[in-house]
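Everything below concerns the one structure shown next.
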Amino acid sequence: MLILIDDGNLEGIKEVYSKMPCDGVTTNPSILKRQNKNPIEVLKSIREYLPPQAQLHAQVISLKAEDMVREAQHMRSILGDDLYIKVPVTSEGIRAMKLLNDLNINITGTAIYTAMQGFIAGKAGAKYVAPYINRLDNMGADGVQVAKDIHDMLKTSNLETEVVAASFKNSQQVYNLCKYGIGAATVAGDVLMGLIKHDATTNAVDVFTNDFYSLVGENKTMLDV
């Protein structure tokens, strides 16, 4: 499963990248708003920081299909041909996906709340489809199950589209989808860090460290014994 950081704050992205094995960054208009800067400049700074093979996902704002295509082409001209253009799964969005797919532009279908929305976006040429896990849970649905259903439907139909699950509240949701074989998850930094935190691990390190200090002296390591 690819692990993407759902954030637009460059310093936060750098912090997570320094500690976690990540595969890229996803953004949306609300994430970019929180940076209170020119959104294109924010995206450029993220792209410049990321390794060449890392993914960057950014969303179009236009509401009509032809305008979405023009906006996507402009974004790609600035941010690189490997940019993933996020397109909401509306009727105009689906039409835009078909046009973008004909232009060999990477597409991520977003704002997905049903399994059929995800499937149709895959049929329209999206490389990724992004169901909103926790938002679905808050609406009384089962977000993890919706993501699993989309995954199964895409695989059954031999589509190359992968699920990039989004909108997580806790590490358990990420774990359940990783175990199932979901293609990717985009997760806020604090939730990502929660994937490796465990009190038992912290306690074990404390015991090992104290035992070593009692053997060779306080604050010693293998470098100086």
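Worth a mention:
- Selected residue (criterion: farthest from residue 118 (Cα to Cα)) from residues of the stretch 179-212 that are within 14 Å of the chain's Cα centre (by Cα) and not hydrophobic (A, V, I, L, M, F, W, C): 190
- Check on residue 78, part of a helix (DSSP H, G or I), crowded, with 22+ Cβ neighbours inside 10 Å and touching a helix residue (DSSP H, G or I) at 6+ places or on another chain (Cβ under 8 Å): no
- Number of residues in the stretch 12-45 that are of a type in the set (S, T, N, Q) and touching an Asp or Glu at 6+ places or on another chain (Cβ under 7 Å) equals 1.
- So residue 169, is it under 30 Å from residue 105 (Cα atoms) and either modelled with pLDDT under 95 or basic (Lys, Arg) (or both): no
- For the residues 42, 60, the requirement of being within 19 Å of the chain's Cα centre (by Cα) and more than 27 Å from residue 21 (Cβ to Cβ) singles out 60.
- If you check 105, 85, 150 for being in contact with a Pro (Cβ under 8 Å, 6 or more places away or on another chain), of a type in the set (A, V, I, L, M, F, W, C) and at pLDDT 95 or above, only one passes: 150.
- First in the stretch 195-218 and more than 24 Å from residue 179 (Cβ to Cβ), second anywhere and loosely packed, with under 10 Cβ neighbours inside 10 Å and of a type in the set (A, V, I, L, M, F, W, C), Cβ under 7 Å, 6 or more apart: 216/225
- Among residues of the stretch 169-185, those that are surrounded by fewer than 19 Cβ atoms within 10 Å (Cβ to Cβ), not in a loop (DSSP other than H, G, I, E, B) and either not polar (S, T, N, Q) or not assigned by TED's automatic domain parsing to the domain that holds residue 121 (or both), counted: 4
- Checking each residue in the stretch 1-55 for being assigned to a helix (DSSP H, G or I) and hydroxyl-bearing (Ser, Thr, Tyr) picks out 17, 18, 30, 45, 49.
- Subset of the stretch 152-168 (residues that are part of a loop (DSSP other than H, G, I, E, B) and under 17 Å from residue 112 (Cα atoms)): 161, 167, 168
- Here the stretch 84-131 is the region considered, the condition is being out of contact with any Gly (no Cβ under 9 Å at 6 or more places or on another chain) and in a strand (DSSP E or B), and the residue that is farthest from residue 168 (Cα to Cα) is 85.
- Given (1) at pLDDT below 95; (2) acidic (Asp, Glu); (3) not in a helix (DSSP H, G or I), number of the condition residue 190 does not satisfy: (3)
The values are calculated or read from the model by the stated rules, or taken from the named source; none is laboratory data. Keep in mind the model is a prediction, meaning the values are calculated, not measured. All Cβ positions, glycine included, derive from the backbone under ideal geometry; neighbour counts span all protein chains shown.
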